[in-house]
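What follows is a single structure, written as structure tokens, with notes after it.
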Amino acid sequence: MYFLDSEKVIIELFQSVDSTSVYFPVESEKTIEVFETIHSKDNWKLWIESSGKADPPPDFYSDEYKCMMEVMRVDDHSYKNKKGKIVNPTNRHIRDVEKEILQSGIMDMLPNVNHLMINAITDLPTKEDHNYEFYKKNFVRVIDNHKKNFDMYKTNHPNYTMIFFVMDESSAYLKVSQHKVATQQYRADDMINRIPHFWFMDNNFLCSFENSNIDYLIWYTPFKLINFDLPKVCVFDIHNMPEQRIAYDSKYIISAEV
């Protein structure tokens with residue numbers, strides 16, 4: 001199984017993140033406490049998994065902490081085709097590679113390996129493989145789809161704190177100048193001088209949580225690799241969101257993997 005298909009494995013990866021890589025846009029004791037109930041392996045023992053197909057949502061809950069959490073994945077590959085269907089060339093390629101590996105019998109020789117880490121190369125142009133517009137729309141779509149289930153979450157666990165955990169598989173992005181975009185004059189070795197895209201301040205994403213019943217957001221971004229110190233986890237109190245935001249223009253945001 002591809003490792004990101006498992007909510008449990010995603011949480012295990014998240015728990016391996018060093019606390020120095022965690023950012024609280026608006027820090028409070030309660031926000032830190034919510035983070036620690038999940039990040040600490042000892043505290044995590046007090047959570048119950050409910051992510052199976054036959055289980056009632058959300059994916060995890062804790063009677064001890066009176067919290068519940070839904071885990072979701074977003075990326076910068078998915079998009080709607082002309083028929084209105086969501087397609088993801090990267091995930092499709094990962095499935096093909098996974099199938100080849102399983103059929104080869106290699107996994108039979110590795111009985112202690114339950115999950116695969118597949119770095120599948122699609123050979124797609126960067127703007128099709130990592131696309132800010134795809135990223136933005138996919139993020140909003142995923143959040144909105146899970147928000148629709150809020151009444152169900154609350155019915156199953158009334159008066160519990162609601163946490164959305166976003167596993168963000170996107171690459172790092174950069175803001176480039178209007179001239180660079182117009183002339184296509186940017187290369188990988190030129191990226192060091194570009195301005196990083198601060199997703200945790202991007203109003204195109206944060207506006208998804210306005211007037212919602214979500215209490216906390218844990219935003220995990222392990223693949224934003226860039227020659228710049230960026231957080232791997234951002235934890236938001238939705239009822240006390242940061243006032244400072246950036247209105248990014250899609251035309252000037254490109255993947256750092258160009």
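The values are calculated or read from the model by the stated rules, or taken from the named source; none is laboratory data. Note that the coordinates shown come from a computational prediction; the quantities given were computed from them, not determined experimentally. Cβ sites come from the backbone with ideal geometry, for glycine too, and all protein chains shown count toward neighbours. These area figures cover heavy atoms from the full protein model, side chains too; ligands, DNA and RNA do not enter into them. Shrake-Rupley method; radii C 1.70, N 1.55, O 1.52, S 1.80 Å.
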Inset, instruction - Go through the stretch 33-47 residue by residue and turn each phi into a ³J(HN,Hα) via Karplus (6.51, -1.76, 1.60, θ = phi - 60°); whole Hz please, and just put x for glycine and proline. - result: 4, 4, 4, 5, 4, 9, 6, 6, 5, 5, 5, 5, 5, 8, 9
Legend entry - Added length on full extension, which subtracts the Cα-Cα distance from 0.36 nm per residue, K251 to F223: 7.9 nm
Inset, instruction - Roll a 1.4 Å probe over the protein heavy atoms and report the accessible area of W47 in Å², nearest 10. - result: 20 Å²
Inset, instruction - Working with all protein chains in place, sort D42, D76 by solvent-accessible area computed with a 1.4 Å probe, largest first. - result: D42, D76
Legend entry - In nm, spacing of pseudo-spin labels at E210 and L46 (7 Å Cα→C-beta vector): 3.6 nm
Legend entry - Accessible area (Å², 1.4 Å probe, nearest 10) - T20: 120 Å²
Legend entry - Built amide H within the under 5 Å cut-off of I195, gap 5+: K175
Legend entry - By average C-beta atoms within 10 angstrom, highest first, the peptides 222-229, 56-63: 56-63, 222-229
